Every structure is written in C-alpha cells, then in structure tokens.
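Contents: one structure, followed by commentary.
The values are calculated or read from the model by the stated rules, or taken from the named source; none is laboratory data. In this text the structure is predicted, and so the values were computed from the model without any measurement. FYI the Cβ positions are ideal-geometry reconstructions off the backbone, even for glycines, and counts take in every protein chain you see.
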Amino acid sequence: MLKFDFNNMTEKFIGSEGFTDAELAALAPEARKAHEAFGKMRGTGMTAWADLPYNQDAIADDIIATAAEVRKNFDNFVVLGIGGSALGPIAVFTALCHFRYNDLPAGKRGVKFFVEDNVDPERMAALLDVIDVKRTMFNVITKSGATSETMSQYLIISDILKKAVGKDWNKHIIATTSESKGNLIKLAKKEGFKTFYIPDGVGGRFSELCPVGLLPAAVLGIDIKGLLKGAADMDKACADGDMFRNSALMAAALQYGAMKKGKNVSVMMPYADSLKFMADWYCQLWGESLGKAVDLDGKVVNAGQTPVKALGVTDQHSQVQLYTEGPFDKVITIIGVEKFRTDVTIADGAEEFPDVNFLCGHTMGELINTERVATEYALTRSKHMNNTVLLPEVNAETVGQLLMFFQLQTAYCGAMLNIDTFNQPGVEEGKNATYALFERKGYEAKKAELDAAPKKEAAYII
Ligand code: PA5
C-alpha cells in the first residue's frame, strides 16, 4: 500500500512556513465536513467514478476478451482522444509497460500503442508514416461525442480506413463514449462499431478506471483487475472522516490549508520515469477540478492552485533551484518508488578518482532514491513545503491506488473549497468559441459575441 509522508509540511520540520499543531487541529473539522459532504454525494451526480472499482466485473471481462481479439488481429492500437480521454491511458501505459515498448521486437511486446491527443497536422502525418491502417485498431474516446479534436481525428481516420480497407472498415474502430448523448454514439450505432460506454457521472479527468482507460490498458496486457483492486483498496483505506486516519483527506486538507497560506502552486514531482506522465494526468485533474471562478453559493472566489509537473532527478538540474530558493508559493509533492522493477549496478572503473569512485558498486535505484531523499532535505532545510507519496513498487495495484488517492484528494479538496469540482465551464468556453469560429450551427450568438470583441491592434515588432 502506498504511504503518505507529510512531516515536511509542519512547523516541526520547516519552521514558520509549516503548519502548527493548532492549525492542523483547526483543519480537521473542515476535512471531516468535506469527507461527509463527499460521502453523501457518492455515486450520485458526477461522483459515479468513486464506484468504478466495485461495479465493473462484467465490463472488465468484455474488455479483456476484446483486448485479446485486438492483440490477435492487429499490429497497432491507436487512441484518438484528448484531455481525460488521453492523459490517463498515457499515464498508465508509461507506468506499466516497458519503457521502450514500441521499439521492442514484435515477439517481446504486444500491439504497438499510440495516443493521438493533439490536432497538430504534422503529428497525424507522422503517425500515418509509421502505421499500416489495414493492421490498426483505432479506439475513439470522447464522452461528449462532440469534441472537435477527437471528431476531426475520427473523420480523418475513417476516411482513410474506408479507402484502404473497404466495407470492413468499421471493424477497425472501437468507440468509447456516453451511451445517452453525443454524436459518437449515433455514429457507432449507424456504422456498427464495437462500443464501450463511459458511465454517466464519470467526467473525463475521473475516467481512467472505466473503459476509457481499461480498454487501452487491457490491450497492452496490463492487469486491469489489479488496477481496479488497487483503487478499491485505496478507497477503503480512505473511509474515515478523521484526516489523521485517511491519507487522501490529510493530503487534501494540507493543500487547502496551504492555499490559504498563499501557496498557489502545486508541483508534482515523481522520482521515476515510469510515473512521469502521472504528473500530466494529475495536472489536468487538479487544475480543471479546482480552478473555479465561483463557489457553490455563487460567490466569486477564483479558486485553484496551479499544478506544475516536474521529474526527479531531471529537474534537480533545472527547477529545483527555484523550488529551494524561490518564493514560498509552492507545495512540492514528491512521488517515490521504494523498489524499482529492475536495477542497474554502477560499474567499477574509476578507482584513481575518489570523486567518481564513490558511486561504484551502488545501483541506479539507490542513486535516484538517495537523490530524492537529498532533495526532500534541501527543500525542508530551505523551509519549502513538501510531502511525499511513496509506492513500494510500480505495479497495477499500486498504480490503481495512486489514481484513486489523487482522485479522492481532489474531491475532498474541492469540497473544502466549496466549489463544483466536477464541471469545467472554462474548458467549455474554449470549445464553444471554436465551434463559433468554425461557424457551427447553433453557435450564432457566440459568433456575434466574438465578432463584437475588441480587435487586436497590430502590435508585432518585426
Ligand atoms: O475532464 C474533462 O471532462 C475534459 O477535460 C475532457 O476530458 C476533455 O475535454 C475531452 O472531452 P470528451 O471526452 O468529451 O471528448
């Protein structure tokens, strides 16, 4: 089970920048209230994600059977999706598959895996340079069934498939979408695509543990039941309303308290390349969930904390100077891994150079973990708030625990901030403006609003 170490958030370790015992005691009732509020909401509205570890036995079996067919019949699996429909699959792939997965010889891996989240034309062209569409399964993932990026990708690919494959082109697409709304479900029914549903009440950034993430993971041979078990274990471990007995609630309360102390930046810094994209996934979860203009009472609050991704040790040679000596506006969350799945010994060969020789005989795992501890020390010594989430090792269960930990932390923190954690009006505004600029029917008023906006002066200096 993962452990959460928050010592370096407290006065005892970082002096006046840290929480006193009295401040922690004052946060506890607010945390309890948030836990209760979330408990009452659970399973209703947009919190159906909390039940995903418990209610997907039949779906998981269907996914595993479908994944086996994909592995048997195709060489490539391409996810077409963006935001929550892409970041979770990327994070879990990177965490649980070989680091050079696509480069392994065919006998040592399954189907090659690609996630096309952006709509950069050069990226799409590059994908088409390296895959044979006749040997490729595309998984179109969009909850709304309307997102411009994903639907553009779908249109481009289905056109290419129709030309390359002919009448069976529809056997190259699996749709993952809402059962009840949007265009993708209508297209899926019309064209006869195999379809998985994103349950109502599961928003994009909370969707990794439903078919959005489970199908790509199963295609990659990842133990999806292990992922779900890990998430269930974490959920059960966070049942208590006492934040001293609930790690995700404590983590939420500390970030909430830190925000009140002006710490407006949340740095997520895994010390493992396998977890690098977990930080990207976290950034969407934290930023999109907590960044809200108004609270539940309609009061303007402009809540939120800017999430920043970093990687240990790489960013020790980049960002850590700022984290140790820059403004006291951050909480740095380190993710550590106790035991790496494989380790490499640093060879002898520098006996006459004591400044290098001290490394010899140690392993890279020892080095990365020693540097993690050293960075914690440097941050603590300079009185910058930091906390650590420690995984015994990276496997399906601990990744499931990690996903659930951050989802629960986000939900609790949103409840403490008294905001709607599960909407994204700012994202919708950008989507709607795109529709209007492309003169989509129904968006005439938005187009008029955009046309009436002040025009930019020519302000470029050449
Ligand atoms: O968290 C969210 O809901 C969003 O970021 C979505 O994941 C993103 O906008 C993609 O939406 P959709 O799945 O509807 O294509």
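Numbers for the structure displayed
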read-out: Qualifying residue in the range 50-72 (condition: buried (at least 20 other Cβ atoms within 10 Å of the Cβ), more than 22 Å from Asn395 (Cβ to Cβ) and among the small types (Gly, Ala, Ser)); value: yes
read-out: Restricting the range 63-91 to residues that are part of a loop (DSSP other than H, G, I, E, B) and under 24 Å from Ala279 (Cβ atoms), the residue that is nearest to the ligand (Cβ to nearest atom); value: Gly83
read-out: Residue tally, condition assigned to a loop (DSSP other than H, G, I, E, B) and either within 11 Å of the ligand (Cβ to nearest atom) or within 22 Å of the chain's Cα centre (by Cα) (or both), over the range 119-152; value: 7
read-out: Residue tally, condition in a helix (DSSP H, G or I) and either of a type in the set (Gly, Ala, Ser) or within 19 Å of Ser382 (Cβ to Cβ) (or both), over the range 1-48; value: 20
read-out: Failed condition for Gly349, given (1) assigned to a loop (DSSP other than H, G, I, E, B); (2) in contact (Cβ under 8 Å) with a residue 24 or more places away in the chain; value: (2)
read-out: Within the range 391-460, helices (runs of 4 or more DSSP H) holding 3 or more residues that are out of contact with any Asp or Glu (no Cβ under 7 Å at 6 or more places or on another chain), within 17 Å of Trp281 (Cβ to Cβ) and at pLDDT 95 or above; value: 396-417
read-out: Matching option when the condition is surrounded by fewer than 23 Cβ atoms within 10 Å (Cβ to Cβ), part of a helix (DSSP H, G or I), charged (D, E, K, R) and without any contact (Cβ under 8 Å) to a residue 40 or more places away in the chain, among Lys186, Lys190; value: Lys190
read-out: Residue match in the range 178-189 (condition: within 16 Å of the ligand (Cβ to nearest atom) and within 23 Å of the chain's Cα centre (by Cα)); value: yes
read-out: Pairs with Cβ under 6 Å, 6+ apart, first in the range 201-214 and in contact (Cβ under 8 Å) with a residue 12 or more places away in the chain and near the ligand (Cβ under 7 Å from one of its atoms), second of a type in the set (Phe, Trp, Tyr) and in a loop (DSSP other than H, G, I, E, B); value: Gly203/Phe422
read-out: Residues being at pLDDT 95 or above, of a type outside the set (A, V, I, L, M) and touching a Ser or Thr at 6+ places or on another chain (Cβ under 9 Å) - total across the range 117-148; value: 3
read-out: Residue match in the range 106-114 (condition: away from the ligand (no atom under 13 Å from the Cβ), assigned to a helix (DSSP H, G or I) and farther than 26 Å from Pro270 by Cβ); value: yes
read-out: Odd one out for Gly45 among (1) surrounded by fewer than 16 Cβ atoms within 10 Å (Cβ to Cβ); (2) more than 16 Å from the ligand (Cβ to nearest atom); (3) not aliphatic (A, V, I, L, M); value: (2)
read-out: Search result, residues across the range 223-250 that are aliphatic (A, V, I, L, M) and closer than 17 Å to Asp57 by Cβ; value: Ile224, Leu227, Leu228, Ala231, Ala232
read-out: Close pairs from the range 157-181: first in a helix (DSSP H, G or I), partner among the β-branched types (Val, Ile, Thr) and at pLDDT 95 or above, Cβ under 6 Å, at least 6 apart; value: Ile160/Val133; Leu161/Val133; Ala164/Val133
read-out: Scope the range 43-78; condition in contact (Cβ under 8 Å) with a residue 40 or more places away in the chain, more than 11 Å from Val219 (Cα to Cα) and among the aliphatic types (A, V, I, L, M); matching residues; value: Met46, Ala48, Ala50, Leu52, Ile59, Ala60
read-out: Residues located in the range 207-229, provided they are outside any helix (DSSP H, G or I) and surrounded by 19 or more Cβ atoms within 10 Å (Cβ to Cβ); value: Ser207, Glu208, Leu209, Cys210, Leu220, Ile222
read-out: Number of the exception - Gly400 against (1) of a type in the set (Gly, Ala, Ser); (2) without any contact (Cβ under 8 Å) to a residue 60 or more places away in the chain; (3) under 23 Å from Thr333 (Cα atoms); value: (2)
read-out: Selected residue (criterion: nearest to the ligand (Cβ to nearest atom)) from residues of the range 258-292 that are among the small types (Gly, Ala, Ser) and in contact with a strand residue (DSSP E or B) (Cβ under 6 Å, 6 or more places away or on another chain); value: Gly287
